[in-house]
Structure formats: C-alpha cells, structure tokens
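Report on one structure; see the data block that follows.
Please treat every number below as a calculation from the coordinates, not as lab data. Model, not experiment: these values are computed from the prediction. In this analysis, Cβ positions are derived from the backbone assuming ideal geometry, glycine residues included, and neighbour counts consider all displayed protein chains.
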Amino acid sequence: MIELFKHILHLDFDWLFANYGTYVYVILFLVIFIETGLVAMPFLPGDSLLFTAGLFARAGHLNLAYVLILLFIAAVLGDNCNYWIGRKIGIRIFDFKIRGKSLVKREYLDKTHAFFEKNGTKAIIMARFVPFVRTFAPFAAGIGEMNYKKYLAFDLLGGALWIFSLTIAGYLLGEVEFIRKHIDLVCIGIIIVSVLPMIISFLKNKLSKAPVS
C-alpha cells in the first residue's frame, strides 16, 4: 500500500499500468474522491493527475470517455461527502489528533473562509482549481450550513469544469512531443500555476502588514 501511495504521488502511470492494468481506473477514481472528500487529505495530486490522465488517454492507455465520467462522479461524490462531514461534525474535527498532532490544520479552513468571503458563492466553482482550498471549500460550506441545493448546483458545474478542462487539455496536448517527453516538468508547472494565486495572496497580506518605516 505504501508503495502504491508513493507512485500515485509521483504520478508514475507506467508503474500503475504495469502493476494494476485496468484497475488504474479504480485508482484514479479513489484518488480524486479522497482528495476532494476527506478533509485530511488535501496533498494528493489533483490538477496534475487529471492532466496526466489526459496524456495517457491520448496515448491509448486509457479511454477518455471513461476517465471523464468516472472522475466527474468521483469529484462530485467527494465534495458532497466533505460537505456533509462539515455539516454534521463541523469544527469538532479539529479536536481529532493523531500522535498529538491535529488531524486537520485550522489555518487551511481559515484560508478557505477568507476565499469564500472574497469570492462569494462562485468560490465553490473557483475553489476546484486551487489546491488545498479545493479540499476545504465543501467542508467550509457544510460548517456554514450553505443551502444544499445551491451548493450542489455550483458543485456540479465546478466539478464538470475542473475535470473536463484539465483532462481534455492533457488529451489535446498529448501530441506535443515536448510534453510527452517531459511529463514530470509539465506536472510541476501545473502545480506551480495552481498555487500561484495563493502565493501572491500570501505575499500581499505580508506586505500589507509590514510596518511602514
């Protein structure tokens, strides 16, 4: 299991295909479900995994239609699971500890609340494209008891945009030789672009709080 987890984090699709064959579809489903559905697992690959899945679909190793449908279902189910965890358990989850360490960091929720305050309801859609915030947005919506019908509508739209845009982007760019030969660099680039808004926001906050000489 540890070996599998390591290869998932490194997006080692060649190893996954060699060891699991068509069960790769199940693995992809579970990774997206867990990343969006369990508030304690925000570090799993999301954006880069979708893009890489698209690349391998272009190479003929995966069926694009199956990937899009399965991962869309996984993303929506995960978010809804996370929403109801937040709604039923709420802030009590921050009292859970493993070996003396909090299961969930409060700072991530605080950043997500700030994200909601700034962007309103559309944050449900925008959060899909921001690592960590993507995992905590449905949890925060549940804690805030956001109207479920409204939440579900935005969640379905956001899930479709996230899954389809990044996976199809990987599929369309799979013909580009540089991308095929440098998948690792491309994935690193996607991660950097994904977290860039958070870095910019962090730096702005730091600069605004800096004392004026």
Below 11 angstrom from the Cβ of D155, what's the summed charge of the other residues (Lys, Arg +1; Asp, Glu -1)? +2
At R0 = 22 Å the Cβ-Cβ FRET efficiency linking K118 and I73, nearest 0.05, sits at 0.15
Theoretical gain in end-to-end length, W84 to V26 [0.36 nm per residue, Cα-Cα removed]: 18.5 nm
Contour excess over end-to-end distance, with Cα ends at K150 and F43 and 0.36 nm allotted per residue: 35.8 nm
Would you order Y148, Y83 from fewest to most other beta-carbon atoms within 10 Å of each residue's own beta-carbon? Y148, Y83
Neighbour-count order for V176, V24, V76, V133, fewest beta carbons within 10 angstrom listed first: V176, V24, V76, V133
